[in-house]
Every structure is written in C-alpha cells, then in structure tokens.
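*Asks:* For reference, the structure I am asking about is given below.
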Amino acid sequence: MSRSIADQTVEELGGPGSVLARQRADHAELDRLLHELDGTTGTDQERVLRRVDRLVFSHAFAEETVLWPVIRRVLPDGDALTRQVEEEHQEVNELVSELEALGHDDPRRAEALARLVEVLREDVRDEEDVMFPRLQDELDDDALRRLGRQWQVARRVSPTRPHPTVSRRPPGNALSGLPLSVLDRTRDLVDAGVQHAPDRIAPAGQAVSRGLATVAGWVERVPLARRGDGGQSTSR
C-alpha cells in the first residue's frame, strides 16, 4: 500500500513545487492554526477563525478546480474519492456559515466549532493517507510540479469565505470563483480596516462589508453557480 504523504520527504513528493508538497504545507499550517484556536473565546476566537477560513477556502477551491478533475480522470474510482472530500468541504462551508450567525454566548457554538475541527482533520487524513498516495502512483514528478503551479495560481485568486450554495464542481465553482474571490478579498481588507478604525468610522466600514456580503449572495444564487459536472448541483 502506498505511504501517506505525511510520512514522505519533500523530495519524495516531487520537490517543493509539487502539488503534494504544497498541499502538505497548507495542512501543516492548518494544524498550527487549529492548535492556536483551541481554548480561545470571543474576539480572539474570531480572529483565529478568520485565518482558518482564508486558508481553508482558498485551499479547497484550488483542489476542486485544479486537482479533483485530474483525480477523476486518472483513477478509476476518482469520482467517488473526490465526492467524499467534496462532502467534507460542503460541511465545512455550512459549519463556518453557522458559526458566523451564532453569537459568542450561544450554547450551540461550542458544538459547531468542535465539529468543524473534526471535519477539517478528517479531510486532511482522507487526502494525505488515501487520495494523494494514489495520485502519486499515477503521475511523475514533472506532472506533480505542473499541477503544483496550476494549483498555486488558483489558490491566489480564490474565495476566502464560505459559499455553501455554490457547486463544488465545474462549471459552477469555476464560473463563480473569480467574482466571489474579488468580493471576499475586498471584504477581508474592509474588515481588517474596521478593526483598527476609529469608532466613528467603524460603522461605515461594517456597512460596506455587509453590502459586499449581499452582492456575494446574489452571485451564489445565479443558477450556473450551482451546477456541477453532468448538469447536477453538488452543493446542498
């Protein structure tokens, strides 16, 4: 049986530019953030969660648009493998959306947060222990490095917030990805500015952020954004 990519050197993974090495580096950063998240409350928890969100959603978008189509092409059971991880990504979207709607004192918050951490760790293990070793068996190092470059480009122009009604597969995710990325990353800048703005200016920034969220909701509701391979929606 192929070894988990967690147990391999960077050279064995195809070098630092390999998609497998890039994926594992993101997973290591996620693990660090989840340890930092443990035990936080209130605004400290929100700050760490935003960093988790920016990492997780850009990472998942790059997987779904660049990597999963290759896995479906080269592995006979690639569709089933990627669908399982897509379901995990979908649950992460829904859990983060739920957490954004819950107050810090809501008794449901701790359960939702614990489930989010659990699903994120399950996702990492499914990818590192099962999916990626099998992909590694099918592709040479040059192909893994080419995929790594494509994955990195997609990651840099990807959404950074939950969009649970958008399809996890092309064409929906590809068509909605750029406008949602612009909206999400603009909101990230606005929200960061609000944190350091004088109290008299903060309400205006918050209103801008809410407006951007409303526009993102319109993009999510475009019918094509909800369509996946074969014309079927792969979001819930």
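*Asks:* At what distance in angstrom do the alpha carbon centres of the stretch 115-146 and the stretch 176-216 lie from each other?
*Replies:* Taking the Cα centre of the stretch 176-216 as reference, the centre of the stretch 115-146 is 33 Å away.
*Asks:* How much FRET efficiency would the formula 1/(1 + (r/R0)^6) give for residue 213 and residue 104, where r is the Cβ-Cβ distance and R0 is 22 Å, rounded to 0.05?
*Replies:* Calculated value: 0.70.
*Asks:* Just subtract the alpha-carbon distance of residue 10 and residue 196 from 0.36 nm times their residue separation and send over the number in nm, one decimal.
*Replies:* Using 0.36 nm per residue and subtracting the Cα-Cα distance, I get 63.0 nm.
*Asks:* Just to confirm the number: angle between the C-alpha axis of helix 19-37 and the first principal axis of the chain, 0 to 90 degrees, nearest 10?
*Replies:* Result, in degrees: 40.
*Asks:* While we're looking at this one, here's another question. Subtract the Cα-Cα distance of residue 156 and residue 46 from 0.36 nm times their separation in residues, and report this length gain in nm to one decimal.
*Replies:* 37.3 nm
*Asks:* Could I ask something else about it? How much accessible area per residue does the chain have, in Å², with a 1.4 Å probe?
*Replies:* Per-residue value: 49 Å².
*Asks:* For the stretch 21-64, rounded, prolate or oblate, judged on the Cα gyration tensor with a ≥ b ≥ c (square roots of eigenvalues), a/c < 1.5 rounded, else prolate if a/b > b/c? Intermediate results must be reported in sequence, preceding the final value.
*Replies:* Values: a/c = 4.10, a/b = 1.81, b/c = 2.27.
Judged from the Cα gyration tensor, the stretch 21-64 comes out oblate (a/c at least 1.5, b/c at or above a/b).
*Asks:* Where the accessible area of the stretch 1-130 is counted over protein heavy atoms with a 1.4 Å probe, how much of it, in %, is carbon and sulfur?
*Replies:* It is 52 percent, rounded to a whole number.
*Asks:* Follow-up. Based on the Cα atoms of the chain, what semi-axes does the equivalent ellipsoid have, where each is the square root of 5 times one gyration tensor eigenvalue, given in whole Å with the largest first?
*Replies:* 31, 21, 17
The values are calculated or read from the model by the stated rules, or taken from the named source; none is laboratory data. Remember, predicted model here, so these are calculated numbers, not experimental data. Every residue, glycine among them, receives a Cβ derived from its backbone with ideal geometry; neighbour counts consider all protein chains shown. Side chains are part of the model used for accessible areas, which takes the heavy atoms of the whole protein and leaves out ligands, DNA and RNA. Shrake-Rupley method; radii C 1.70, N 1.55, O 1.52, S 1.80 Å.
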